[in-house]
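S.K.: Mind having a look at this structure? Questions to follow.
All of the numbers you see were taken from the coordinates with simple rules; none came from a lab. The structure displayed is predicted, hence computed values, not measured ones. In this analysis, Cβ positions are derived from the backbone assuming ideal geometry, glycine residues included, and neighbour counts consider all displayed protein chains.
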Amino acid sequence: MSDSKSRLLLFFDRPSEPCFLQKGDDNVAFEVPDHYYPDKYKSLTNTLANRFGSGEVRTIPVKNIALPDLSLPLQLPYNDQFSLFVAKHRRMAGKLIDIFINMRDVDDLISLCSYCQMRVNPYMFNYCLSVAILHRPDTKGLQVPPVVETFPDKFMDPKVFRKARETTTVNASGNRMPITIPTNYTASNSEPEQRVAYFREDIGINLHHWHWHLVYPFEAAREIVKKDRRGELFYYMHQQIIARYNAERLCNGLGRVTRYSDFRAPIGEGYFPKLDSQVASRSWPPRFANTVIRDIDRPVNEIKIDVFQLETWRDRFLQAIDSNAINMPNGRKVPLNEETGIDELGNLMESSILSLNRGYYGDLHNMGHVFIAYSHDPDHRHLEEYGVMGDSATAMRDPVFYRWHAYIDDIFNLYKSKLTPYGDSQLDYPGIRVSSISVEGPAGANRFATQWQQSLVELSQGLDFTPRGSVLAKFTHLQHEEFTYVIEVNNTSGQSKMGTFRVFMAPKTDERGQPLAFEDQRRLMIELDKFTRGLKPGNNTIRQRSLDSSVTIPFERTFRNQANRPGDPGSATAAEFDFCGCGWPHHMLIPKGTEQGYPVVLYVMVSDWNADKIEQDTVGACNDAASYCGLRDRKYPDKRHMGFPFDRRSEARNLTDFLKPNMATRDCTIKFTDAIREGTQRQ
Ligand code: CUO
């Protein structure tokens, strides 16, 4: 790896320690021009120089460059929280990303980073540098460390850090004794919502969500934001989160999540995150049960907004769906067409800079996060920061996240419900007959098996002010036994065909044990896989492994290590690998199930690949999580609407009614075993 490029990664090491101190494991420190030192360190410069004069630490001289105007990003205090949902923070970050991206070369960027790292809020700095590295042509090959390593405080119980300090102090030289992160530490069993805490607080799920928003920022230069079908992907990825969450709830005897649609009503669910912020040196504020969101007036964040505004935006959004058109600033109306309507609505809802009329439709989704995140201190009288809903790395921990997104999904569904149901020409694939789908695996035929697993994650990069050395944390998560789909397809067309296989799973019954109607079940459909296969004339037996799912990334990638990347830096293979850090964590592919065996239906459809395919260069080695994350620098690799064929209403009353000859279902069960096994050791 080119030395200077890889030095950029040192800025992710110990984010709140200044960069003239040792960074990384190779004992290097940046030697910055004198005038780069912030005043607070100036008196120390001599001492510091002497301290590192012993030869133990290798210094990297930093170029002296003309510094760009950083006044906007520097407005965020160093020790504050940073939230992409806060418009002012977004503007600051957008500016800093632009500055990073426009630096002439890597050496200039390093120089600027050394200046910024000592001044700019560490969360914002880290985010902006990650986005810039992902998007600059000369740094695309570099792999940004996972945020869990840089800011582990966003993902786990702070007791771990206290223990880590003790452990590293006691045994500073390469201690490998893992620290165990407790499970179920945020509430007791008297809180029914706690039954799905393993999902909400899963580190992999939160990493996926953080990464998704990193790959799809909503405010930066247009070329970065404007990715193929990004508004639709916002809708679909979050729709799938809700479908998955609802399946987990049903497995745990909870009803489907109730949407948060009345902004004047109390939010029944409280949430006490028990996370500490290392940067802000305080704990994340809780939200008490039955909190009501209130008008926000926080001059410090430049947010002054009434709840009424949220309602106004919501009503305008609903009006757009009702009239099937978006009002433009010049009074013109842009009709929502079947092809791109959902994408336009996604951008309007999130909202991003691609929103067609942000002045009028506002910032509904983001401000929902903000209202909830500040509901404990809307006028800043208690000098509190936002709660976990204010940060994409932590939002999914809170039960209210799902209530808010369930509502957003309902609004999108209003639009989807107006579209003409798919007809035979879209659903059927003449000549292709699927006679069965089944599942093979260690749990037996048509059975999925789940249990707990303990795995290790590396923490030392993000632990400031501790001796160096590896710190491993052991955490417990859900895991399933790997399995194989076996699909029998008969091709009666007399010629070879290509088929797209779309595999979904859904619960069979509602919270009262009644069979689900099609309209309810389609919204609970979880995408498990989508793949393409050739079909020769006659009978074909198609086998596909769960490990190859197009939805998930392997455990090692979720918690990926910089050392394990393929290809040369800057090569296409390496760039793709970075992008594919986005993906649903594989260990959460299958819902937990129950000890008795939770009944689900497995569904497969084979559609005509000629109608689905996107003409583009063949994709590199890392194309395995496209369903929720798309492909890097390419179009979404499926022409159909995301969620097809379940994204629309149908005349069918139940799933059996809906079936065409190119589809099949199989009743299966998910059996959960309440035991813990030792899992993957990350390399
Ligand atoms: Cu991902 Cu609300 O968009 O969190």
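S.K.: Take the alpha-carbon centre of the range 91-109, take the same for the range 122-139, and report the distance between them in whole Å.
M.R.: A separation of 8 Å, based on Cα centres.
S.K.: Now for a separate question. Run the simple label-point estimate for residue 74 and residue 102 please: 7 Å along Cα→C-beta, distance reported in nm.
M.R.: 1.7
S.K.: Equivalent-ellipsoid semi-axes (√(5λ), Cα gyration tensor) for the range 321-472, whole Å, largest first? Write down the numbers at each step before the final one.
M.R.: Working: eigenvalues 278, 237, 41 Å².
Calculated on Cα positions only, the semi-axes equal 37, 34, 14 Å.
S.K.: Which lysines, on any chain, are close to residue 474 with Cα under 17 Å apart, when same-chain ones fewer than 8 places away are left out?
M.R.: 154, 159, 163
S.K.: Continuing with the same structure: Given H placed 1.01 Å from N in the peptide plane, which residues other than close sequence neighbours of residue 671 have an amide H under 5 Å from its amide H?
M.R.: 448, 449, 450, 598
S.K.: Over what distance in Å are the Cα centres of the range 495-517 and the range 272-331 separated?
M.R.: Here the two parts' Cα centres lie 35 Å apart.
S.K.: Within 10 Å, count the other beta carbons around each residue, average over each peptide in 587-593, 474-480, and list them highest first.
M.R.: In descending order of packing, they fall as 587-593, 474-480.
S.K.: Residue 662's amide H: which non-local residues (gap 5+, or another chain) put their own amide H closer than 5 Å, with H modeled 1.01 Å from N in plane and none for Pro or chain starts?
M.R.: Distant-sequence amide H within range of residue 662: 429, 434.
S.K.: Just need the relative contact order of the chain here, percent rounded to a whole number, with Cα pairs under 8 Å and 6+ apart.
M.R.: Reported as a whole number, the value is 17 percent.
S.K.: If you don't mind, another one. Long-range amide H contacts for residue 529: which residues qualify at under 5 Å (H placed 1.01 Å from N, peptide plane, sequence gap of 5 or more or a different chain)?
M.R.: 503
S.K.: How large is log10 of I(q)/I(0) for the chain at q = 0.07, 0.08, 0.09 Å⁻¹ when the intensity is taken from the Debye formula with one equal scatterer per alpha-carbon?
M.R.: Summing over Cα pairs of the chain leads to -0.47, -0.62, -0.79.
S.K.: Okay, moving on. Reachable lysines from residue 592, Cα under 20 Å, same-chain residues fewer than 8 places away excluded?
M.R.: 508, 671
S.K.: Pairs of lysine in the range 192-417 with Cα under 26 Å and at least 8 positions apart or on different chains: total?
M.R.: 5
S.K.: Next question, about the same structure. Show me the ranking of peptides 180-191, 225-236 by mean Cβ neighbours inside 10 Å, starting with the highest.
M.R.: 225-236, 180-191
S.K.: If you plug each phi of the range 648-654 into the Karplus form 6.51 cos²θ - 1.76 cosθ + 1.60 with θ = phi - 60°, what whole-Hz ³J(HN,Hα) values come out, in order, with x for Gly and Pro?
M.R.: Once rounded to whole Hz, the list reads 10, 5, 8, 6, 4, 8, 9.
S.K.: So if we plug the beta-carbon distance of residue 311 and residue 615 into 1/(1 + (r/R0)^6) with R0 = 35 Å, what FRET efficiency do we get, rounded to 0.05?
M.R.: 0.20
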